[in-house]
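Here the structure is laid out as structure tokens; the discussion comes afterwards.
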Amino acid sequence: MKTPLKLFSGIACLALCAAPHLIAGELTLPASALERDAVVPATYSLAAPLTGAGRLALHWTDTLGRVVEERTIAFEVIDEREIHFPLDLRRAVAMKNHLQAHVTIQGKDLKGSESKLEEDAELDFVAMPPHRDWRDYQIIMWQPYAKSAYPGLRTLGITGGQHSGRAAALPDALLDNDMRWYSENIGTDFYSEYHRYRPDRIQHWSFLQAKELHRKDPSGTEAFKRHPSLWDPVWRVRIHDRLVGTTKRYAPYRPFFYSLADESGIADLAAFWDFDFSDESLVPMRKWLQQQYASLSALNLEWGSAFSNWDVVTPPTTHEAMQRKDQNFSAWADFKEWMDISFADALQMGTQAIHSVDPHAFVSIGGGQRPGWGGYDYDRLTKALTAIEPYDIGNNVEIIRSLNPEMPMLSTGFEQGPWEQQRVWRELFHGHRGLIIWDEKHEYVQPDGQPGTRGREAAKYYNQIRDGLGALIINSRRVSPPIAIHYSQASMRTEWMLARQPEGDKWIDRGAKTDRTDDEFLRLRESWCELIEDQGLQYNFVSYSQLEDGELEKGGYRLLILPRSSSLSERESTAIRDFIAQGGTVIADGESGTFNSHSRRLAASSLADLFGGAHAQPVTVRSWGKGKAIFLQAATLDYLQDRLSGREATTHSLITSLMRTINIQPEFAVTDAAGKPVVGIETHVFRNGGVRVIALMSNPLQRVDELGPPDFRSNKRFETPVTVTLTLPGSLYVYDCRTGQAYGQKRSSKITVGPYEPILLAISATPLPTLRISAPAAARRGSLLEVGISATPSTAETHVFHVDVLNGKGQVVPHYSGNLIAPEGHARKLLPLALSDEPGNWRLQIRDAFTGQVSDISLVVN
């Protein structure tokens, strides 16, 4: 096999002499990289014009060792050079392909002399992977392995790898095994300067240098100038051009996604710091402020400042902002909002650079942090990027999938053991479409190609997810009750300042982990999510901009929760009032709207008449229009810890009662022996046309090791199986998607949910149809076989069929196997048998992900 095709503009050409006595011709295709869905015109160009008759012998092979096609084409030319013939790209199954052509011609040259000519030409080309969307679950190995190890990794369910976006060479070990990759760390030196790998220093070395500079000059702002600034024009051009170059190299191979940077942020991850006081940042900030304020006088009035002209407007440092006694933090908060805008704009610039080459590419960052500092305002990031790999911290996963349900997310697997199995399943149900594995010790596959310790452990659930269950969840729509949780970046800023102001300059010694673990605002949000999940319910986050734009009405919400939403804009306050007046319910666990959206304390809360005043009882209910405003004075903040040690009953029962009062109940109720919602069991409901997919999963606390004193750092309560009753909203047909068992019609069922694996059920008002397969009984090698698969009539919008093609030895042929997305239960599979495939009695095994039923047929390959 030749080295990978070098890409040229226009057409792809490569001509070589196969032997000294032969003349070199030339093969050309319409492009260097081609789709696999059509017949394309190919051309053989003779070395010189000739007249006569001849034969063209074509030999097509691919990187998998398949002889795709061998064909002899008779032709006649009259004073011509070009011989045209079709090439059926539907036969391609691998990215790397090689064409060889041998021409023999008997005829006359331009002088009329008799001539017998033999010519050879050959050409490498790329058959692009067919998937431009993200409708299947991908499992990606981060660490590179030897070329010989990838077949072993594939048997574990692993589908691809990663490759540096700055590498000039292509990842041959992956390509030779026909495995895709994602492009990693393309702009980390720009987006992640204060937390990035360098072989001679620790990751956050630049951040430590900034802190040291501040200690030496605490009154100056040099330590608060980001290098490079996110607005530095030289760096922006450099990163833009680098991204364009990377995309041009890799686009023919359709990477899973392009990662702009890993563990990026304004400073060190999501650590707080007073960036960016550089001129590159302040000049555009002043232009932005002129769009936010009607005049300089309006800004001075809001900030409590006295700037004489726009060119001297400068925000205060955190130290200066903390000196204010009037709790007007607006100038400081505007600056922090500007930095969120700066980070999102820099990421959007990267997305646009990649899309200028490949408009359909997914563009991501890796190691996404908790919502908060570092630029992690997910209302902005979900618009700047088209994919993301977030660390699951502070409900960022739920926020992302709420704000942009179409955005592919991937989780990262660092651990092993049963809790890692639980985590991977859980992340799938929370919206992840893939997993990136960190395997620093190469424990998945041994040097001899056999599975290693981690590989053997993970293979079972990796393959279950890969064999259709992951795709089933991805191609179904999450069903959430009409519950919204307010996501407020302005309130985060205000609450941070209120918590840190009494401590003075101690914030300087805080880091990313401290800001993550010592944050009541974050913990309260996490507690609310657990409280709702422990009711057997789900929720969506509604951001500050969505609230202003009428999302509560558009989304059909009936309940809005305000978790310390201390900072509200006028439009947010108006939207909340309108929501209640029209019949909605709002629960606040603190007096909301005491600050405006610029973090300036108001003389009175913008919602004082709804939530203000004295509150002697745990619950205060006030009617407003057709709805209710509920002030909650309960241990919601502590719920996260209390549920670990069985002390959550009071708060849990209070929320259960409120949900009944509001008449928000699970469609599929999961209860204990006393008929109460079960703490520690999470219920996910997905809609797929007329079919519901129900996932029941244990619900331990994520990142429990970061929670409070040691006695709270245990999920032991959730380590034992729990028997629950699942009550259905009628007499419905129930199927176990994992085991393939059909339970018939049920109104309720006792189910034991284990601690580490889910119960996954398909539920339908009518019986789900059986599989039907249409295919010939025999096929010749080299033929293009069409297999029809259906499960009809079906009320489902999309079935997922997993197809395993087994050769005569009973071995699964990976490049012919995989998942089929079947709209309304119909799918067609093209099976391009190679001339080099072994003859024998082959089999096709098809599994319907809804029912788990398996059907197979025999196929004689001769």
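The values are calculated or read from the model by the stated rules, or taken from the named source; none is laboratory data. None of the values given here were measured: they were computed from a predicted structure. For neighbour counting, all protein chains shown are included, and Cβ atoms are generated from backbone atoms with ideal geometry for every residue, glycine included. Ligands, DNA and RNA are excluded from the accessible area calculation, which covers all protein heavy atoms including side chains. Shrake-Rupley method; radii C 1.70, N 1.55, O 1.52, S 1.80 Å.
Determine whether the range 843-853 contains at least one residue that is open to solvent by 20 Å² or more (accessible area, probe 1.4 Å), among the hydroxyl-bearing types (Ser, Thr, Tyr) and over 26 Å from the mean Cα position of the chain (by Cα). The answer is no, given that none of the residues of the range 843-853 is open to solvent by 20 Å² or more (accessible area, probe 1.4 Å), among the hydroxyl-bearing types (Ser, Thr, Tyr) and over 26 Å from the mean Cα position of the chain (by Cα). Out of the range 493-522, which residues are under 25 Å from the mean Cα position of the chain (by Cα) and at pLDDT 95 or above? LEU522, the sole residue that qualifies. The residues of the range 494-511 that are open to solvent by 10 Å² or more (accessible area, probe 1.4 Å) and touching a helix residue (DSSP H, G or I) at 6+ places or on another chain (Cβ under 9 Å), listed by number, are GLU495, TRP496, ALA499, ARG500, GLN501, GLY504, ASP505, LYS506, ILE508, ASP509, ARG510, GLY511. Out of the residues in the range 82-140 that are among the basic types (Lys, Arg) and outside any loop (DSSP other than H, G, I, E, B), which is nearest to LEU64 (Cα to Cα)? The residue in question is LYS96.
When the range 358-380 is limited to residues that are in contact (Cβ under 8 Å) with a residue 12 or more places away in the chain, out of contact with any helix residue (DSSP H, G or I) (no Cβ under 6 Å at 6 or more places or on another chain) and more than 18 Å from GLY511 (Cα to Cα), the one that is surrounded by the fewest Cβ atoms within 10 Å (Cβ to Cβ) turns out to be HIS360.
None of THR188, THR155 is of a type in the set (S, T, N, Q) and out of contact with any Asp or Glu (no Cβ under 8 Å at 6 or more places or on another chain) except THR155.
Tell me yes or no: at least one residue of the range 155-162 is free of Cβ contacts under 8 Å to residues at least 24 places away in the same chain and not polar (S, T, N, Q). Yes, the conditions are met somewhere in the range 155-162. Scanning the range 200-210 for residues that are over 18 Å from GLY368 (Cα atoms), open to solvent by 20 Å² or more (accessible area, probe 1.4 Å) and not aromatic (Phe, Trp, Tyr) gives ASP200, ARG201, ILE202, LEU208, GLN209. Residues in the range 220-261 that are out of contact with any Ser or Thr (no Cβ under 9 Å at 6 or more places or on another chain), outside any helix (DSSP H, G or I) and surrounded by fewer than 17 Cβ atoms within 10 Å (Cβ to Cβ): GLY220 alone. Within the range 254-265, residues that are at positive phi have Cβ atoms under 6 Å from residues that are β-branched (Val, Ile, Thr) and assigned to a loop (DSSP other than H, G, I, E, B) in no pair, counting only partners at least 6 apart in sequence or on another chain. Do the conditions hold for SER565, that is, is it modelled with pLDDT of 95 or more and touching a helix residue (DSSP H, G or I) at 6+ places or on another chain (Cβ under 6 Å)? Yes; evaluated as a whole, the condition is true for this residue. In the range 149-199, the residue that is surrounded by the fewest Cβ atoms within 10 Å (Cβ to Cβ) out of those that are over 29 Å from ARG226 (Cβ atoms) and charged (D, E, K, R) is ASP172. Scanning the range 776-832 for residues that are part of a loop (DSSP other than H, G, I, E, B) and on the phi > 0 side of the Ramachandran plot, we see that the one that is surrounded by the fewest Cβ atoms within 10 Å (Cβ to Cβ) is GLY810.
Evaluation of SER605 against the conditions (1) more than 20 Å from LEU522 (Cα to Cα); (2) open to solvent by 30 Å² or more (accessible area, probe 1.4 Å); (3) of a type outside the set (A, V, I, L, M); (4) not in a strand (DSSP E or B) shows that the sole unmet condition is (2). ASP642 meets all of the listed conditions (1) buried (at least 17 other Cβ atoms within 10 Å of the Cβ); (2) over 21 Å from GLY590 (Cα atoms); (3) without any contact (Cβ under 8 Å) to a residue 40 or more places away in the chain but one, namely (2).
For (1) in a loop (DSSP other than H, G, I, E, B); (2) in contact (Cβ under 8 Å) with a residue 40 or more places away in the chain; (3) at positive phi; (4) not β-branched (Val, Ile, Thr), each residue gets a yes or a no:
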residue	(1), (2), (3), (4)
ASP274	yes, yes, no, yes
GLN290	no, no, no, yes
SER297	no, no, no, yes
ARG324	yes, no, no, yes
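Take THR585 and decide whether it is crowded, with 20+ Cβ neighbours inside 10 Å and either in contact with a strand residue (DSSP E or B) (Cβ under 8 Å, 6 or more places away or on another chain) or of a type in the set (Ser, Thr, Tyr) (or both). Answer is yes for this residue. Do we find that LEU726 is modelled with pLDDT of 95 or more, assigned to a strand (DSSP E or B) and under 33 Å from the mean Cα position of the chain (by Cα) in this structure? Spelling it out, LEU726 is indeed modelled with pLDDT of 95 or more, assigned to a strand (DSSP E or B) and under 33 Å from the mean Cα position of the chain (by Cα). Per the listing GLU548, GLU591, the residue uniquely open to solvent by 60 Å² or more (accessible area, probe 1.4 Å) and closer than 30 Å to LYS336 by Cα is GLU591. Screening the range 609-624 for residues that are touching a residue at least 12 places away in the same chain (Cβ under 8 Å) and assigned to a loop (DSSP other than H, G, I, E, B) and picking the one that is least open to solvent (accessible area, probe 1.4 Å) gives GLY612. In this structure, LEU301 qualifies as out of contact with any His (no Cβ under 9 Å at 6 or more places or on another chain), in a helix (DSSP H, G or I) and open to solvent by 40 Å² or more (accessible area, probe 1.4 Å).
Scanning the range 383-410 for residues that are open to solvent by less than 10 Å² (accessible area, probe 1.4 Å) and of a type in the set (S, T, N, Q) yields a count of 1. Residues in the range 356-383 that are out of contact with any strand residue (DSSP E or B) (no Cβ under 9 Å at 6 or more places or on another chain) and either assigned to a helix (DSSP H, G or I) or β-branched (Val, Ile, Thr) (or both): VAL357, ARG380, LYS383. Whenever a residue of the range 132-143 is within 19 Å of ILE473 (Cα to Cα), its partners that are in a loop (DSSP other than H, G, I, E, B) and among the aromatic types (Phe, Trp, Tyr), lying with C-beta atoms within less than 7 angstrom and at least six residues away or across chains, give the pairs TRP134/PHE362; GLN138/PHE256; ILE140/PHE256. For the range 151-163, the candidate set comprises residues that are in contact with a strand residue (DSSP E or B) (Cβ under 8 Å, 6 or more places away or on another chain) and not in a loop (DSSP other than H, G, I, E, B); within that set, the residue that is farthest from ILE465 (Cα to Cα) is HIS163.
Here the range 55-72 is the region considered, the condition is being outside any strand (DSSP E or B) and at negative phi, and the residue that is surrounded by the most Cβ atoms within 10 Å (Cβ to Cβ) is ARG66. Residues that are open to solvent by less than 10 Å² (accessible area, probe 1.4 Å) and over 17 Å from ASP736 (Cα atoms) within the range 457-487 comprise ALA458, TYR462, ILE483, ALA484, ILE485, HIS486, TYR487, listed in sequence order.
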